[in-house]
Number of protein chains: 2
Amino acid sequence: MLTGMPRRSDTTRAAILAAARERFAADGFERATIRAIAADANIDPSMVMRYYGNKEGLFAAAAEFDLRLPDMSHISLDDVGRTLVTHFFERWSGDETLLALLRAAVTQDAAAERMRTIFAAQLGPVAARVAPDPEQAARRAGLVATQILGFALCRFVLRLPPVADMDREEAIAWLAPTVQRYLTAAG
Amino acid sequence: MLTGMPRRSDTTRAAILAAARERFAADGFERATIRAIAADANIDPSMVMRYYGNKEGLFAAAAEFDLRLPDMSHISLDDVGRTLVTHFFERWSGDETLLALLRAAVTQDAAAERMRTIFAAQLGPVAARVAPDPEQAARRAGLVATQILGFALCRFVLRLPPVADMDREEAIAWLAPTVQRYLTAAG
DNA sequence: TGGTCAAGTCAACAGGTGTTGGCAAACGCT
DNA sequence: AGCGTTTGCCAACACCTGTTGACTTGACCA
């Protein structure tokens, strides 16, 4: 049966997923144990296995993610950098899935692979639309990724004091021109 | 005895350290096991404990690192970005210690702390010397770190294809202006 | 040559991991 | 009410981890 009928266990499933995201984001893949996740979700560890198969399956489900990049077609080409950086800021702060993905991607190849496809499939098209040379969109998207991920790494993971303490507005003011240049400057 | 006399066990110590760096760089802190490191170094796991106390002590020894930033006092202020980016490129490629540090810092707080002090203590002074407002040197150094570490993350760890395939010259050409701006542009 | 100490080996421990199968209760349906 | 299915818990397995202590070997010096 593949019907969309809500099952009785859906709340448990959701609780597991929420706890998993939290633990993966805080501890990374290997240090986040199934036992700890189950305890957070107030259920038995064996339930995790029943619903998600194994630890990798659980991570795959917890790391489902959409960047939800805004529609760029109605804004000035000069505002692309600022718009994108602002959006990423929201996305990083509001959802810990990206953080879980980043922490896990450093040691888990499956997570790295997901990271690659997310940025290629979602950021690539944006770059293709605004770049002066669409055939180099992938490269430009990659450069944007280095700055966005590097900032997230320093602010949320490594917690370098000057980066972690910077307020939103100032961070955006510094990063936006960089992203703008990577996307629209002549290559 | 704190004499500099070379001990008979120094070659073993060095073999352990080399194997540790390799494993930590390739697998991260938790997946690099003492048994695997000992096997690589062709010795017994217990030797690791005798010489380095425990796993954290081994990592601390293996993650000793100096950025060896070049002397900036004799180059034009406009070349600071390019010089710095070029130097980092060499440093990342020639020594896997930085990679080990980055992989471990994502889940090990001790490694993150070392990363913080390395960048604050070594990159900070450089920023202080070239920034138009030395009191904000730390912030500028932090921004440089976001771009440098983000590039290393995407190229060596996540292996985002467009970033991993970029050749040296092109990467430097893209990153240098960013670093230059973070260091010397008006705040 | 005999003795002292470092260098190295071996086997084991205690604890934690992902994962499995069996069993009890709750539920939904006819 | 009675039955099959779902949901959940419990105990255990097999494995791997860091770490320890006792023992053997070898080098160096008096």
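At-a-glance table
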item: Hey, residue B:163 at pLDDT 95 or above, surrounded by 23 or more Cβ atoms within 10 Å (Cβ to Cβ) and under 21 Å from residue B:26 (Cα atoms) or not; result: yes
item: Candidate set: the stretch B:12-25, residues that are more than 10 Å from DNA strand D (Cβ to nearest atom) and either assigned to a loop (DSSP other than H, G, I, E, B) or of a type outside the set (Gly, Ala, Ser) (or both); chosen: the one nearest to residue B:108 (Cα to Cα); result: B:24
item: Residues satisfying the stated conditions in the stretch A:8-27, i.e. under 23 Å from the mean Cα position of the chain (by Cα) and more than 14 Å from chain B (Cβ to nearest Cβ); result: A:13, A:14, A:15, A:16, A:17, A:18, A:19, A:20, A:21, A:22
item: Counted residues, the stretch A:144-165 - those being more than 7 Å from chain B (Cβ to nearest Cβ) and of a type in the set (A, V, I, L, M, F, W, C); result: 5
item: The stretch A:167-181, residues that are more than 7 Å from every other protein chain (Cβ to nearest Cβ) and free of Cβ contacts under 8 Å to residues at least 60 places away in the same chain; result: A:167, A:169, A:170, A:173
item: Single match in A:120, A:141 (criterion: under 16 Å from residue A:69 (Cα atoms), at the interface with chain B (Cβ under 9 Å from one of its Cβ atoms), surrounded by 21 or more Cβ atoms within 10 Å (Cβ to Cβ) and of a type in the set (A, V, I, L, M)); result: A:141
item: Test: residue in the stretch B:91-114 that is surrounded by fewer than 22 Cβ atoms within 10 Å (Cβ to Cβ), more than 22 Å from residue A:178 (Cβ to Cβ) and within 8 Å of chain A (Cβ to nearest Cβ); result: yes
item: Residue that is within 23 Å of residue A:112 (Cβ to Cβ) and free of Cβ contacts under 8 Å to residues at least 60 places away in the same chain, where the choices are A:59, A:24, A:29; result: A:59
item: Verdict on residue A:64 being touching a residue at least 12 places away in the same chain (Cβ under 8 Å), of a type in the set (Asp, Glu) and surrounded by 15 or more Cβ atoms within 10 Å (Cβ to Cβ); result: no
item: Qualifying residue in the stretch A:41-51 (condition: of a type in the set (A, V, I, L, M), over 21 Å from the mean Cα position of the chain (by Cα) and closer than 25 Å to residue B:109 by Cβ); result: no
item: Residue that is nearest to DNA strand C (Cβ to nearest atom) [pool: residues in the stretch B:32-51 that are away from every other protein chain (no Cβ under 14 Å) and small (Gly, Ala, Ser)]; result: B:46
item: Condition broken by residue A:126, with the remaining ones in (1) β-branched (Val, Ile, Thr); (2) more than 12 Å from chain B (Cβ to nearest Cβ); (3) not in a helix (DSSP H, G or I) satisfied; result: (3)
item: Check on residue A:107, farther than 23 Å from residue A:13 by Cβ, hydroxyl-bearing (Ser, Thr, Tyr) and either in a helix (DSSP H, G or I) or over 19 Å from the mean Cα position of the chain (by Cα) (or both); result: no
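Per-residue answers, yes or no, for (1) within 14 Å of chain B (Cβ to nearest Cβ); (2) within 13 Å of DNA strand C (Cβ to nearest atom); (3) buried (at least 19 other Cβ atoms within 10 Å of the Cβ); (4) more than 26 Å from residue B:29 (Cα to Cα):
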| site | (1), (2), (3), (4) |
| --- | --- |
| A:29 | yes, yes, yes, no |
| A:54 | no, yes, no, no |
| A:69 | no, no, no, yes |
| A:76 | no, no, no, yes |
| A:81 | yes, no, yes, yes |
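The values are calculated or read from the model by the stated rules, or taken from the named source; none is laboratory data. These numbers come from a predicted model, not from an experiment. Note that each Cβ is placed from the backbone with ideal geometry, even for glycine, and that neighbours are counted across all protein chains shown.
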